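Please read the structure below before turning to the comments.
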């Protein structure tokens, strides 16, 4: 669905926090004080496990503010020249509250401090009519997003050099992304010098969702050789 998404929340409850009895759970997702989405689960109970962890799954969470949702992705997608230290580890925090009768338990999650993705160890290879680009991506934040199989476009200025395909997933940690494709027909091979731009173009599996827009916010610089 284009105006909704599924969200799974895994959280550790601080040992000093007393989770009251409740029968409804309302989750708010914020970005810079704007509500991205809100959903209430009826006949749901927050009961931490033996490690004080809880897991909540929200299906078809309706997007209430697309501008705030877009700002969240813009803040997270990689930007040339910005890198993160590998040892940096950020957590998403949530404010908890409940009504006077104890029935409703509310969780407000602020995504304002999600760290920007960074890219390093970028490798560009051209062989005959094929192009391969690989790079390491670092995400210090505990946010997982599976874009699935995607298509990327390699440009130099206004000229399209190649389309490349690969699997893109955003997850906490340091991991490798591999893309492969063919050089566009009629491209002047002299353009493969200096610096080009690799940008997200489309998702093969999620073209009817917000991921189709979000993939186009991905953009990094590539040294062409």
ask   = Measuring from a point 7 Å past the Cα of residue 224 along Cα-to-C-beta, which residues in the stretch 149-188 have an amide N at less than 12 Å?
value = 154-163, 183-184, 187-188
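Starting from the Cα-Cα distance between residue 38 and residue 67, subtract it from 0.36 nm times their residue separation and give me the gain in nm to one decimal.
8.9 nm is the gain from fully extending residue 38 to residue 67.
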inquiry  = Under the √(5λ) rule applied to the eigenvalues of the Cα gyration tensor, what semi-axes describe the equivalent ellipsoid of the stretch 115-181? Give them in Å, descending.
reply    = 24, 12, 11
key: Average projected area [Cα convex hull, the stretch 110-151], square nanometres   = 4.2
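Averaged over all directions, how much area does the convex hull of the C-alpha atoms of the stretch 118-224 cover when projected, in nm²?
Its Cα hull, projected and averaged over all orientations, spans 6.6 nm².
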message = If each DSSP helix of 4+ residues adds -39,500 (n - 2.57) and the sum is divided by the residues in the chain, what number results at 222 nm, nearest 500 deg cm²/dmol?
response = -1500 deg cm²/dmol
message = Would any residue of the stretch 184-225 have its amide N under 13 Å from a label point 7 Å out along Cα→Cβ of residue 165? List them or say none.
response = 202-205
inquiry  = Under 8 Å for C-alpha pairs, at least 6 residues apart: give me the relative contact order for the stretch 118-224, rounded to a whole percent.
reply    = 28
message = Rg and Dmax in Å for the chain, alpha carbons only: what are they?
response = 20.8, 72
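So how many Å³ per residue does the convex hull of the Cα atoms of the stretch 27-77 work out to?
Looking at the stretch 27-77, the number lands at 111 Å³ per residue.
Quick note: the coordinates plus some simple rules give every number you see, no bench work behind them. Since the structure is predicted, the reported quantities are computational estimates derived from the model, not experimental observations. Quick reminder, even Gly has a Cβ in these numbers, built from the backbone with ideal geometry, and neighbours come from all protein chains shown.
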